[in-house]
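The values are calculated or read from the model by the stated rules, or taken from the named source; none is laboratory data. As the structure is a computational prediction, the values presented were derived from the model and not from experiment. Positions of Cβ are generated from backbone atoms using ideal geometry, with glycine treated the same way; all protein chains shown enter the neighbour counts. Protein only, heavy atoms only, side chains kept; ligands, DNA and RNA dropped before computing areas. Shrake-Rupley method; radii C 1.70, N 1.55, O 1.52, S 1.80 Å.
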Amino acid sequence: MKQDVKQGVLLYAGKAKQVFSTDDPELLWVYYLDQATALNGKKKVAIDGKGTLNLHISGLLFKELAATGFPTHFVTDMDNQNMLVRRAKMIPLEVVVRNRASGHFVSRFNVTPLRVLDPAIHEFYYKSDALDDPFMNDEQIVALGIAPRATLDTLRTMADQVNTWLTARWARAGIELVDFKLEFGRLADGTLVLADELSPDNMRLIDAQTHASLDKDVFRQDEGPLVPVYAEVLRRLQATQQEVHHV
Ligand code: C5P
């Protein structure tokens, strides 16, 4: 694997990314790995080129979302494998939003795949590999001191804002946003920001016309090579970038 991390000490090794320190204590490098995992890491494959594609997809979406004024950890994508971000103390929750039934929602409730869910559904999962990221309701989260109720309300509101923006952004690229997972953290001054990544590893995307999968489900379900699918997603995003006009 190509190792071109600029500098710094490895602070955190995740399944698809590694986080390194920089000279500035408030900034971190995120290194996007050429690796795909599913089933909480039980299925793990090296995929050449995936890291760069996810970095560019994530960087493009973070840049555009941040330009709307939404708070994120994004600073800039610097090269082909690393993104510079602001250090955030992560809230150990995965915030899932579902616009249509898919994945675990289908297996849990035995509903028709892609059934529209109106209003969109929010779910929280506790980030713990040892516990297999269990679902948690608000009272479980509050009683265990993971986050206060007011923070959960804010996370839902922020996730809705991301949903509205992302749904419209993908629609411009001829893609429908089925569901996605977000992670949030707090900057040193307490500001809540969207962190982690915005890529087809963390969202279900379908072609608006054919409903073909354009995300990690291709890997999860062994539907063929992942790289051409992610490359097509990036191509469509780049082709539908709008110029920002400053007045
Ligand atoms: O598997 P499930 O149906 O609960 O996933 C819902 C959404 O959250 C999907 O877009 C999936 O890619 C994302 N997800 C994730 N990381 C997890 C679990 C789910 O990005 N650990």
Using the Kirkwood radius over Cα pairs of region 1-146, the Stokes-Einstein translational diffusion coefficient at 4 °C and 1.567 mPa s, in µm²/s and rounded to a whole number, is 74 µm²/s
Relative to the present Cα-Cα distance, how much length would full extension add between ASP24 and ALA67 at 0.36 nm per residue of separation? 13.1 nm
Distant-in-sequence amide H partners of ILE47 (H built 1.01 Å from N, under 5 Å): GLN35, ALA36
In whole Hz, the Karplus estimates of ³J(HN,Hα) for region 214-220 (6.51, -1.76, 1.60; θ = phi - 60°; x where Gly or Pro) are 10, 7, 5, 4, 4, 7, 4
I need the phi-derived Karplus couplings for region 190-205: 6.51 cos²θ - 1.76 cosθ + 1.60, θ = phi - 60°, integer Hz, Gly and Pro marked x. x, 4, 7, 10, 6, 10, 6, 9, 10, 9, x, 6, 10, 9, 9, 10
Candidate lysines for bridging to LYS216, where Cα separation is under 26 Å - those fewer than 8 sequence places away on the same chain excluded: LYS2, LYS15, LYS17, LYS42, LYS43, LYS44, LYS50, LYS63, LYS127, LYS181
With only alpha-carbon atoms counted, please give the Rg and Dmax of region 59-98, in Å. 11.8, 32
Any residue on another chain or 5+ positions along whose placed amide H is under 5 Å from the amide H of LYS17 is listed here as LEU33
Which FRET efficiency, nearest 0.05, do ASP118 and THR191 yield, Cβ-Cβ r, R0 22 Å? 0.10
Ignoring everything but the protein chains, give the 1.4 Å probe accessible area of ASP196 in square angstrom, nearest 10. 30 Å²
Quick one: if you stick a label point 7 Å off each Cα along the C-beta vector at VAL45 and ALA208, how many nm between them? 3.0 nm
How much length is gained on full extension from ASP153 to ASP129, taking 0.36 nm per residue of separation minus their Cα-Cα distance? 6.1 nm
Which percent of Cα-Cα pairs in the chain sits in each 10 Å bin, short to long? 7, 31, 40, 20, 3, 0
Taking a crude spin-label model, label points 7 Å out from Cα along the C-beta direction, the GLU232 to LEU11 distance in nm is 3.7 nm
Could you sort the peptides 56-62, 113-119, 232-238 by per-residue average Cβ neighbour count (10 Å cutoff), highest mean leading? 56-62, 232-238, 113-119
Label-point separation (nm) for HIS104 and THR167, each offset 7 Å from Cα along Cα-to-Cβ? 2.2 nm
If you place +1 on the Cβ of every Lys and Arg, -1 on the Cβ of every Asp and Glu, and leave all else neutral, what size is the dipole of the chain about its Cα centre, to the nearest 20 Debye? 220 debye
Amide H proximity to THR22 below 5 Å, modelled H, separation 5+ or other chain, gives LEU27, TRP29
Over the chain, the sum of -39500 (n - 2.57) across DSSP H runs of at least four, divided by residue number and rounded to 500 deg cm²/dmol, gives at 222 nm -9000 deg cm²/dmol
Full extension between ARG220 and THR76 adds, at 0.36 nm per residue less the Cα distance, a length in nm of 48.9 nm
Apply the Karplus parameterisation 6.51 cos²θ - 1.76 cosθ + 1.60, with θ equal to phi minus 60°, to every residue of region 91-102 and state each ³J(HN,Hα) to the nearest whole Hz, in sequence, with x for glycine and proline. 7, x, 10, 9, 9, 9, 10, 10, 8, 9, 6, 6
